[in-house]
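To start, the structure itself, in C-alpha cells.
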Amino acid sequence: MRKVWPWAIAAAVFIADRITKILAPGIPEGGRVLIPGVIGLRYAENRGIAFSLLSGAPWVLGVISLLIIAAAFFFLRGKKLRPPALTGLMMMLGGAAGNMVDRFVHGFVPDMIEVLFMNFAIFNVADMFLCIGCGLVMISLLRKDTNG
C-alpha cells in the first residue's frame, strides 16, 4: 500500500489542472483580479512550450512530452527515492500529463494565472506543479535524497 500515495499526488495534480482548464474559458474578457497588484486570472491559449516557444507544432510538443515522461520513468526505474524527491516527481508527472493531454486534444494549453506585480507569462496549475516539483527534485538531489 506504500506505493499508492505517489500516484495519488500525480492524480490530484492532474485532476486539479483539468478542473481549472475546464473553468478557464469562463474568465471574463479582460481578466479578473484576485488580489489587487498581486495575482489575477486571464484566459490565454499557449500554442508552444515555456513562454510560447516552438508555437505551431502541438503534436510534436505532445510527443516530446510523452517521450520525456517515458524517459524519466525508465531512468528512475529501480531507484529508491525518498518522499521529497518522489513527491516532486509525481507533481511533475501530473503537470506534464495535464499539459500533454491539452496539446493532443486541443492543439494548445489553456493558461489562466497571471502575476500582476511583474511582467511574467500567464501560466496554469500544471505549470505551477511542474515548477514546484522540479524545485523539490533539485533540492533532493542536492541533499542526496536518493538511494541507488
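Data table
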{"read-out": "Flag if Asn147 is surrounded by fewer than 20 Cβ atoms within 10 Å (Cβ to Cβ), more than 15 Å from Val13 (Cβ to Cβ), polar (S, T, N, Q) and modelled with pLDDT of 90 or more", "value": "no"}
{"read-out": "Some residue of the stretch 125-144 being in contact with a Lys or Arg (Cβ under 8 Å, 6 or more places away or on another chain), outside any helix (DSSP H, G or I) and either touching a residue at least 60 places away in the same chain (Cβ under 8 Å) or not small (Gly, Ala, Ser) (or both)", "value": "no"}
{"read-out": "Residue satisfying condition, being under 19 Å from Pro25 (Cα atoms) and aliphatic (A, V, I, L, M), within set Ala126, Ala97", "value": "Ala126"}
{"read-out": "Listing of strands (runs of 3 or more DSSP E) fully contained in the stretch 32-120 that carry 2 or more residues being at pLDDT below 95", "value": "39-46"}
{"read-out": "Those residues of the stretch 1-31 which are charged (D, E, K, R) and either in contact (Cβ under 8 Å) with a residue 40 or more places away in the chain or touching a helix residue (DSSP H, G or I) at 6+ places or on another chain (Cβ under 6 Å) (or both), in sequence order", "value": "Asp17, Arg18, Lys21"}
{"read-out": "Residue check, Ala16 among the hydrophobic types (A, V, I, L, M, F, W, C), in contact with a Phe, Trp or Tyr (Cβ under 9 Å, 6 or more places away or on another chain) and not in a strand (DSSP E or B)", "value": "yes"}
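The values are calculated or read from the model by the stated rules, or taken from the named source; none is laboratory data. Small disclaimer: the values here were computed from a predicted structure and weren't measured. All Cβ positions, glycine included, derive from the backbone under ideal geometry; neighbour counts span all protein chains shown.
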